[in-house]
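Take a look at the structure set out below.
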Amino acid sequence: MPPDPTAFTGAPPLCSAVSRHADPAAAVAELGEALRHPALGFVLFFCSADYPLEDLSRAITHTFGRLPVVGCTTAGEISPTGYERGCIVAIGFARGAFAVATALVADLDRFDLLAAQRLVDGLLERCRPEAPAGAERFALTLLDGLSSREEQVLATLEAALGRIPGFGGSAGDDNRLARTHVYAEGHFHSRAAVVVMVATRLPFEVFTTHHLQPLDHKLVVTRADSETRRVLELNALPAAEEYARLVGAPVAALDAEAFALNPLAVRIADAHYVRSVQRVNSDGSLSFYCAVETGIVLTAMRPTPMLEQLEVVFDGLAQRLGEPALVIGCDCFLRRLEIEARGELAAASRLLARGRVIGFNTYGEQHHGMHLNQTFTGVAIGSATSA
C-alpha cells in the first residue's frame, strides 16, 4: 500500500532510507515505512544489481502505488552511513518544498534535439503548477552505463536545458560490465535514460570534483574505433602494451584497480577530463568508459589525497549553503576501488556520512552536458530557504 499521508506531521522536506534485506518485497516495505511522510511526492532510489529486478519492480508498485519513483542499478551504494554493497537506498522529496517531474528516454539512439526540447518543455510544464514561488530548477539524469550513448544524449539534453544546471550518473551492475538498468514508469529499462526536473526554493549547488593532477607523460591515440570506444593503438603501438609500459605493469596485471590508480585524461581548454579504461580486450585493445577518437592526446594523471580534497569540497558547500539537508552524490566506482586499495573505506564512509551524502557508485558521471569519469558529482541541497 502507498505510505499513509496521515502517519505523522512536521516531517522534513527530504528524508532518506536504506534497506539491506535481500528479499525485494521486504526491502521496499522497509523503505516505504522509513519514507512515510505526510506530503511525500517523489522517491529516488539506487539499488544493487543483485536484486531480481522484476520482483523489485512489483514491490515498488505495491509499496508506493502511483507515486512517482525513479532509480537505477549501481556499482555500489552510498547510504546514510557511507559506502554499502548489496542494498537499496532511497530519498523522499516532500510536496510543497519540491515540484518534481520525470521523463523516460526509451530510445537513446533516436534522441535528437527536437526530442530533447520536447522532453524539457514537458518537464517544465508539469513542474510549473506545483513549483514553489521563486523556485530554481536543476535536472538529474540517470543513464544506462553500458549504452555508449552518453556523450550524444548529454550534449543534446544540455542544449535543450539551457541555463538549468544538470548532473547525473551512469547506472552500474556491481562491476560485472554485463547489463545496467534505469527504473521509471514501473519497470527497469536498458539502453534508456531517465531525466528528473526538480524545482525548489531551498538553496542548492550542482558541483563536480576530482583529485587528479596531470603528469608529463602523453599517449596519442593512433587508432581507435570510436563507435565501440575501443583504442587499438597508442603511440602507434598495441594499446594494452603501451599503457602497461606507461604504468610499469605487465598486461596481465591490468585490472580495474590498476586503471583506477593510473588514470588518463584529455585536456580541453585549461581543464583535464578523465577517460577511464574499462578493460583489456583479447586483441590487445583497450575499451574506455568515455568517448575516444583517433588523434586525441591522453595525459597520464596522478592521484592526490582523495579524502582531503573531498573534505575541502564539503566544507565549501557548507559555507555557501549552510549545513546541507542532503547531498545526492554520483561517485565513480573507480574512486571507490582506489579507496579500497588504499585501505581508506571506513574513513571515506565517515566523511560521506558527515557530508549527508546519499547516492551511488557509477560507471560515469554527468555535469553540465559533459560525460566524466573518476569524479564525485552531485547536488548539495541546503536546509533553509535563501533570503
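For the stretch 312-326 versus the stretch 91-143, the inter-centroid distance based on Cα atoms is 25 Å.
Counting only other residues whose beta carbon sits under 15 Å from that of residue 178, what net charge do I get with K and R as +1, D and E as -1?
Values: positive: 176, 179, 191, 279; negative: 50, 144, 173, 174.
My count for the surroundings of residue 178 gives 0.
Which residues in the stretch 299-313 place their backbone N less than 16 Å from a point set 7 Å from the Cα of residue 220 along the Cα-to-Cβ direction? Within reach of a label on residue 220: 299-300. Between residue 347 and residue 109, the modelled labels are 4.8 nm apart [label points 7 Å from Cα along Cα→Cβ].
Taken along the Cα-to-beta-carbon direction at a fixed 7 Å, the label points for residue 133 and residue 241 span 7.1 nm.
Per residue, how much accessible surface does the stretch 93-151 expose to a 1.4 Å probe? Answer in Å², no decimals.
Working: 2730 Å² over 59 residues.
Accessible surface, normalised per residue, equals 46 Å².
Could you do me a favour and compute the accessible area per residue for the stretch 212-303, 1.4 Å probe, result in Å²?
Values: 4350 Å² over 92 residues.
Value for the stretch 212-303: 47 Å² per residue.
Surface composition of the chain: carbon and sulfur atoms hold 51% of the protein heavy-atom accessible area at a 1.4 Å probe. With respect to the chain, whose longest principal axis is taken over its alpha-carbon atoms, helix 113-127 is tilted by about 30°. All other residues whose Cβ lies under 12 angstrom from that of residue 233 are scored, Lys and Arg at +1 and Asp and Glu at -1, for a net of -2.
Sequence gap at least 6, Cα distance under 8 Å: using those rules, report the relative contact order of the stretch 91-247 to the nearest whole percent. Walk me through the numbers before you get to the answer.
Numbers: 243 pairs, mean separation 44.3, N = 157.
So the answer I get is 28 percent.
Secondary structure note: in the chain, about 80% of the DSSP beta bridges are antiparallel. For the stretch 271-278, backbone phi angles converted through the Karplus equation (6.51, -1.76, 1.60; θ = phi - 60°) give residue-by-residue couplings of 10, 10, 10, 5, 10, 7, 6, 8 Hz, Gly and Pro being listed as x. Take every pair of alpha-carbon atoms less than 8 Å apart whose residues are at least six positions apart; their mean separation over the length of the stretch 212-303 yields a relative contact order of 42 percent.
Only helical DSSP H runs with n ≥ 4 go in: add -39500 (n - 2.57) per run for the chain, normalise by residue count and round the 222 nm mean residue ellipticity to 500 deg cm²/dmol.
Working: 9 runs with 100 residues, N = 387.
Mean residue ellipticity, 222 nm, calculated: -8000 deg cm²/dmol.
Relative contact order for the chain: 20 percent, from Cα pairs under 8 Å spaced at least 6 residues apart, divided by residue count.
Taking only the C-alpha atoms of the chain, the Rg (one decimal) and the largest Cα-Cα distance, Dmax (whole number), read 20.4, 67 Å.
The values are calculated or read from the model by the stated rules, or taken from the named source; none is laboratory data. Owing to the predicted nature of the structure, the values given are computational and were not obtained by experimental measurement. Please note: Cβ atoms are built from the backbone with ideal geometry, for glycine as well, and neighbour counts cover all protein chains shown. Calculation scope for accessible area: heavy atoms of the full protein, side chains included, ligands and nucleic acids excluded. Shrake-Rupley method; radii C 1.70, N 1.55, O 1.52, S 1.80 Å.
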